[in-house]
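To start, the structure under review is shown below, and the notes come after it.
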Amino acid sequence: MLAKIVLLVTLCVACSSAQSKVSVNVYYESLCPDSAKFINEQLYPVAKQFKNNIDLKLIPFGKSTYKTQGSETQFDCHHGPNECYGNLVHACALHHIEGSSYQPNNTKEALTLEYVNCLMERAQFKSGEFPGKACADQFEINWESIETCANSTEGSNYLKIYGDETAKLQKPLESVPTVAFRQTFDSDLQKLAVEDFRGALCKNLSPSPVDCRVIPGSDASAVASFGMLTVVAVILTRLF
């Protein structure tokens, strides 16, 4: 009987700790106020909280267009030439940022999220200088490699790829930012995601992680512990 109890509790713990995960593509523009609001206020905090549940892909192109002339690529961006440069910086950062071997928590994904959040927040200050270097310095990211990329055909090639990926989802893109779960556009999920990204994410996670059942601001560990005790109590009741 004891062995049976141990087995059931072990299975219960395993089920409760199982991680569900979903792919999330975010299509945005570097100088778009709505993109900044979404990334700063919703995507950034939720992606940090649910880092084990999101396979996040950032696509910095939005409603931009491009045309090629020989080996040259010309971009026309929604908020003007400065945004084209910003999009190039974002595109290059997504490819050049590396994780830190000395700080395990500073993974490529974590540093990229921090950097993009910083860029979107500071770019709205409209100080006249794009905050690429300032944000890179803040998070000890190699700005030189990103800058060199953004001012070369390497950056243009990356941005073209993001343009093609955007066109595959929707051509032209109807709104910025656009959020797509599992690389699929859904108008109802789009409306929910831009207003309540946490709610949209949890709606797409199965099994639902503990954090989805926790009211924002409350103690997730306490809820998880209470849930575990409840399940164990039910098992013991049925056994005896």
For this session: Using the structure shown, list the pairs from LYS160/LYS191; LYS51/LYS108; LYS57/LYS108; LYS37/LYS63; LYS63/LYS160; LYS21/LYS171 with a Cα-Cα distance above 21 Å, or answer none.
Result: LYS160/LYS191; LYS21/LYS171
For this session: Provide the per-residue ³J(HN,Hα) series for the stretch 162-175, in order, calculated from phi with Karplus coefficients 6.51, -1.76, 1.60 and θ = phi - 60°, each as a whole number of Hz, with x at glycine and proline positions.
Result: 5, x, 5, 5, 5, 5, 5, 6, 6, 9, x, 5, 6, 8
Exercise. Got a sec to turn the phi values of the stretch 71-80 into Karplus ³J(HN,Hα) couplings, 6.51 cos²θ - 1.76 cosθ + 1.60 with θ = phi - 60°, whole Hz, x for Gly and Pro?
Worked result: 8, 9, 10, 10, 10, 10, 10, 3, 10, x
Exercise. Along the stretch 135-144, what does the Karplus equation 6.51 cos²θ - 1.76 cosθ + 1.60 (θ = phi - 60°) give for ³J(HN,Hα), rounded to whole Hz, x for Gly and Pro?
Worked result: 5, 5, 5, 4, 10, 6, 9, 6, 6, 4
Exercise. Which percent, to the nearest 5, of DSSP beta bridges fully inside the stretch 22-204 are antiparallel?
Worked result: 60 percent
Exercise. Which percent of Cα-Cα pairs in the stretch 22-204 sits in each 10 Å bin, short to long?
Worked result: 10, 39, 38, 13, 1
For this session: Determine the sum of side-chain charges near CYS92: Lys and Arg each +1, Asp and Glu each -1, restricted to other residues whose C-beta is under 10 angstrom from that of CYS92.
Result: -2
For this session: Name the long-range amide H neighbours of VAL22: under 5 Å, sequence gap of 5 or more, or other chain; modelled H, no Pro or chain starts.
Result: ILE54, ASP55
Seminar exercise, completed: Excluding ligands, DNA and RNA, the carbon-plus-sulfur percentage of the accessible area of the stretch 131-171 with a 1.4 Å probe reads 46 percent
Exercise. Excluding ligands, DNA and RNA, what is the solvent-accessible area per residue of the stretch 22-204 at a probe of 1.4 Å, expressed in Å²?
Worked result: 51 Å²
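The values are calculated or read from the model by the stated rules, or taken from the named source; none is laboratory data. Values in this document were obtained by computation on a predicted structure and should not be read as measured data. Glycine also receives a Cβ, built like all others from the backbone with ideal geometry; neighbour counts cover every protein chain displayed. Quick note on the areas: whole protein, heavy atoms, side chains included, nothing else; ligands and nucleic acids left out. Shrake-Rupley method; radii C 1.70, N 1.55, O 1.52, S 1.80 Å.
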